[in-house]
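Notes follow the structure.
Every read-out reported here was derived from the displayed coordinates using simple, explicitly stated rules and does not represent laboratory data. Note that the structure is predicted; figures quoted are calculated from it, not measured. Don't worry about glycine lacking a Cβ; one is built from the backbone with ideal geometry, like all the others, and counts go over all protein chains shown.
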Amino acid sequence: MTIGEPRTAPRTGPADAAVPDARRRVPLIRLLRAEVRWIFRRPRTLVVLALLAVLPVITGVAVDLTLDGPVTSAETGPGPGPGGGPPIFVTMATSAFVLPLGSLMTLLMMLLPLTVAMASGDALAGEQSHGALRGWLLAPVSRGRLLAVKAAGVLVVAFVAALLVVVSGLATGLVLAGTDRLVSMSGTELSVADVLWRLAVAVAWATVYLMAVGAVALAISASTEHPMLVVVSVLGGLIVFGVLMQFSALDWLHPYLLPTSVTGLVDLIRDPVPFDALAEGTIRALSYLVIGLSLAYARLTTRDG
Amino acid sequence: MRPRTKAWVAAGSGIAVGLTGLALSALPAGADDDPVLPEIGAEELVTSALEARPPAFDGVAEVTNELGLPPVPGAEALDFESVRVFHDGAESTRVQIERPASELTFVTNTEEAWAYDSQEHAARQLTWDEDDAAAARDHAEAELADPSRAAAEIIERLRPTSDIFVDGTASVAGRDAYELVLTPKPSEKTLLREITVAIDEETRAPLRLEVFANGTTDPVLSLGFVEFEVGAQDAELFEFTPPEGAEVESAEADDVAAEAGKHGGRDAGALEERTTTIGDGWDTVVIGEMPAEARSGEAAGPARELGEEAGALGEFGGGDQDLAGMLEQFGTPVSGEFGSGVHVEIAVGGAIVTDDGRIAAGAVPRQVLVDALDGADQQ
């Protein structure tokens with residue numbers, strides 16, 4: 001095929017026909033806006049985002065309800081701790097600090113990566129399967145820019161999903177416990193601003209982590225036309241990684257596995273925050289990101305329209 | 001460049017960069033070469049280490065433990081990932097023991113000490129009388145008034161049974177350090193091969209302790225800093241206010257001492273009487289009678305070695321245990337002139353619990369314990 005034929009990308013509107021140069025380069029921002037609008041118009045995106053927003057609420061309310069039960073009996077029992085009633089640390093699980101972080105960590109294990117994988121699958125393989133990608137490939141958009149737009153779309157999904165989980169957890173925590181129990185694991189009380197700062201770090205970190213999953217998913221997405229295959233591959237990969245991480249004999253391998261990083265989020269509950277594990281997780285995620293994107297780029301540039 | 005070539009280049013370089021990044025984050029920082037430091041004698045090193053006041057620093061310490069402890073209650077006190085230590089250069093310290101999903105925090109300043117366990121959400125406070133504290137400080141300082149004499153005394157005490165020398169240098173937590181080595185004389189019948197202490201060249205603070213047992217090249221116990229940064233610390237770190245809702249238990253140091261004196265003093269005195277030591281130096285065997293509540297005899301030993309943090313940990317982690325059942329599971333039966341009992345051995349030592357309720361323990365092989373028990377009977 002020839003790149004640069006006077007055709008327009010679908011959904012981006014006609015380029016200015018009067019200026020040939022401008023027709024060759026559609027403004028990136030407009031492509032991006034179109035892509036994002038397209039993503040959030042898909043019902044499945046909205047459904048999974050709604051699910052992500054509801055789960056922290058369910059967790060918070062469920063923990064709160066179970067606490068109400070045994071707490072009364074624990075007062076007559078041998079006190080908190082193993083044996084009598086739940087350890088008091090559990091009650092902190094409903095706080096506006098631990099609930100969002102805990103929900104984020106739990107969901108990062110499976111549901112959040114799958115959300116991102118779904119978006120990546122739709123981005124290339126999905127469009128290929130119903131012919132929409134052909135228009136992109138023929139449009140005056142270079143393959144590199146196409147990948148950039150698609151990756152940015154996935155990045156937006158990753159960010160929105162992580163933010164949604166944390167905001168939902170934060171809101172639930174505020175309703176359940178107010179600004180009480182904003183306590184770090186080191187026993188220091190944290191100010192609201194401090195908590196918000198830590199949650200912001202968590203969202204940023206989770207976005208990078210999810211983007212690493214998204215990049216690998218994009219690479220798969222670029223080489224198939226079945227979006228289902230992308231989601232299944234990511235799911236399979238996560239399960240295989242999970243199994244590998246169970247074996248202590250494979251200790252040496254664990255630092256190479258992406259999900260190893262997730263436990264680093266626990267450090268945000270410590271005070272002062274040790275950033276070592278988070279930084280290591282970021283490097284790991286960026287490594288996966290580079291590998292994924294370069295493979296996706298290689299596959300996309302050699303792909304025929 | 002043709003698209004296909006470009007694709008290959010992109011894929012190849014991307015994978016290379018990614019794998020390099022993974023390898024960098026996965027592999028531990030390469031062991032630095034041993035630094036070259038001015039020569040120093042053992043005595044001089046010990047003197048300077050005693051003389052030095054710990055600087056203000058923050059650091060991360062890690063423990064590796066190949067002791068082969070049986071999984072008894074109390075041993076989980078040693079199950080933690082790393083310890084963060086903050087010290088203000090004077091008397092205030094903050095120690096945070098990080099466990100996978102909880103943390104133990106100890107804060108000591110001039111007026112009080114706090115211990116907080118996030119698992120239990122419980123805090124303990126210990127306060128003391130300023131005069132007593134000052135007196136205790138003076139006493140401690142007087143003891144070390146002349147570090148060179150104190151060092152000479154320590155070395156003199158060790159010399160009959162041990163060789164003590166400076167064995168080159170090491171890089172610990174990125175800092176240059178001397179390795180002070182203590183090895184048993186050949187006549188000592190011990191399971192231990194050597195104990196090394198890495199002492200920072202600049203601040204003379206001990207950075208790492210390693211214990212080696214016979215027949216292994218890796219240390220069976222290593223406690224040392226992996227990060228050590230000298231510098232002023234935030235004063236807020238050394239204040240502790242128990243978080244809202246935490247269970248707080250307060251005690252006065254005097255009261256605790258008095259309580260211990262009243263309650264445990266009798267026991268302690270009796271224990272003193274009931275305990276005998278046989279041998280000296282590395283092959284010392286301690287023979288005692290099992291305390292009624294049979295608290296973690298074996299596990300408490302290494303815990304004590306880890307210092308006060310672990311000591312307090314033991315308090316947190318201690319629980320009921322079925323000692324007899326544990327012994328049967330992990331021990332081997334042994335008998336001699338003293339009668340019969342069960343022998344339990346870990347990498348650095350062993351203990352025999354006799355059927356009539358005595359314990360003989362030491363960093364020695366089984367036969368030495370048996371001989372000690374036999375010898376004790378004849379006395």
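What is the sum of charges around A:Ala215, taking Lys and Arg as +1, Asp and Glu as -1, for the other residues whose C-beta is under 14 Å from the C-beta of A:Ala215? List each step's numbers first, then the result.
Working: positive: A:Lys150, A:Arg284, A:Arg299; negative: none.
Here the count lands on +3.
Determine the gain in length on full extension of the stretch B:Ala251-B:Ala136; use 0.36 nm per residue of separation and subtract their C-alpha separation, reporting nm with one decimal. Walk me through the intermediate numbers first.
Values: separation 115, 0.36 × 115 = 41.40 nm, distance 1.83 nm.
Result for the pair: 39.6 nm of gain on full extension.
Distance from the Cα centre of segment B:1-26 to that of segment B:204-239, in angstrom?
Value for the Cα centre distance between the two parts: 39 Å.
Considering every residue in A:288-298, what mean count of other chain Cβ atoms within 10 Å of its Cβ is obtained?
Working: counts 3, 3, 10, 9, 3, 3, 11, 6, 3, 5, 11.
For peptide A:288-298, the averaged partner shielding equals 6.
Please give the average number of partner chain Cβ atoms lying within 10 Å of the Cβ of each residue in B:236-244, rounded to a whole number.
Working: counts 2, 4, 0, 1, 3, 3, 4, 11, 5.
Partner-chain Cβ atoms within 10 Å, mean over residues of B:236-244: 4.
Just to check I understand the Karplus step: with θ = phi - 60° and J = 6.51 cos²θ - 1.76 cosθ + 1.60, what whole-Hz values come out for segment A:166-171, glycine and proline as x?
So the Karplus estimates, Gly and Pro as x, are 5, 5, 4, x, 4, 5 Hz.
Listed highest first by mean packing, meaning other Cβ atoms within 10 Å per residue, what order do B:349-358, A:165-174 come in? Let's see the in-between values first.
Numbers: B:349-358: 19.5, A:165-174: 22.1.
Answer by packing, highest mean first, reads A:165-174, B:349-358.
For B:Glu103, which sequence-distant residues (separation of 5 or more, or a different chain) have an amide H within less than 5 Å of its own amide H, given hydrogens modelled in the peptide plane?
B:Ser118, B:Gln119
Between B:Ala23 and B:Leu158, what FRET efficiency comes out of the Förster formula 1/(1 + (r/R0)^6) with R0 = 56 Å and r the beta carbon distance, rounded to 0.05?
Details: r = 44 Å, r/R0 = 0.79.
Working from the Cβ atoms, E equals 0.80.
Go through B:5-15, A:242-252, B:155-165 and give me the packing order, highest mean Cβ count within 10 Å leading.
On the way: B:5-15: 16.3, A:242-252: 10.5, B:155-165: 14.2.
Top of the packing list down: B:5-15, B:155-165, A:242-252.
Can you give me the distance in nm between label points at A:Ala249 and A:Leu229, each placed 7 Å from the Cα along the Cα-to-Cβ direction?
Inter-label distance under the simple model: 3.4 nm.
Step through the residues of segment A:237-252 one at a time and calculate ³J(HN,Hα) from phi using the Karplus curve (6.51 cos²θ - 1.76 cosθ + 1.60, θ = phi - 60°), rounding each to whole Hz and writing x for Gly and Pro.
Here the 3J(HN,Hα) series is x, 4, 5, 4, 4, x, 5, 4, 6, 6, 8, 6, 5, 9, 2, 4 Hz.
Can you run phi through the Karplus equation (6.51, -1.76, 1.60; θ = phi - 60°) for segment A:49-62 and list ³J(HN,Hα) in whole Hz, with x for Gly and Pro?
5, 4, 4, 4, 6, 7, 4, x, 5, 4, 4, x, 5, 4
Per-residue Cβ counts within 10 Å, from other chains only, averaged over B:99-107: what number is that?
Numbers: counts 2, 2, 6, 6, 8, 3, 7, 1, 3.
Whole-number average of other-chain Cβ neighbours for B:99-107 is 4.
Assuming 0.36 nm per residue, please report the length gained on full extension of the stretch A:Ala204 to A:Ser191 beyond their Cα-Cα distance.
Contour length minus Cα-Cα distance gives 2.7 nm.
Enumerate the amide H contacts of B:Val226 below 5 Å, restricted to partners 5 or more residues apart or on another chain; note that Pro and chain-start residues carry no placed amide H.
Here B:Val60, B:Ala61, B:Glu62 satisfy the definition.
Can you list residues whose amide H is under 5 Å from B:Ala56's amide H, if they're 5+ apart or on another chain and H is modeled 1.01 Å from N?
B:Gly89, B:Gly231
Could you order the peptides B:122-129, B:35-42 from most to least packed, using the average number of other C-beta atoms within 10 Å per residue?
Details: B:122-129: 17.6, B:35-42: 12.0.
Highest to lowest by the protection proxy: B:122-129, B:35-42.
Counting other Cβ atoms within 10 Å, which GluC sites (Glu not before Pro) in segment B:191-252 have at most 12 and lie in a DSSP loop? It would help to have the intermediate numbers written out before the result.
On the way: sites: B:Glu194, B:Glu201, B:Glu202, B:Glu210, B:Glu227, B:Glu229, B:Glu236, B:Glu239, B:Glu244, B:Glu247, B:Glu249, B:Glu252; in loops: B:Glu201, B:Glu202, B:Glu239, B:Glu244.
For GluC sites (Glu not before Pro) across segment B:191-252 that sit outside H, G, I, E and B with at most 12 neighbouring Cβ atoms in 10 Å, the list reads B:Glu202, B:Glu244.
Can you tell me the length gained on complete extension of the stretch B:Glu43 to B:Asp218, counting 0.36 nm per residue apart and subtracting the Cα distance? Mind dumping the intermediate values first?
On the way: separation 175, 0.36 × 175 = 63.00 nm, distance 2.67 nm.
In short, 60.3 nm is gained.
Once all Cα-Cα distances of segment B:42-238 are split into 5 Å bins that start at 0, what whole-number percent is in each one?
Bins of 5 Å from zero give 1, 7, 12, 15, 17, 18, 15, 10, 4, 1, 0 percent of pairs.
Suppose each label sits 7 Å from its Cα in the direction of the beta carbon; what would the B:Trp8-A:Leu51 distance come out to in nanometres?
4.3 nm
Quick check: pseudo-label points 7 Å beyond the Cα along Cα→Cβ at B:Asp34 and A:Phe275, how many nm apart are they?
3.6 nm
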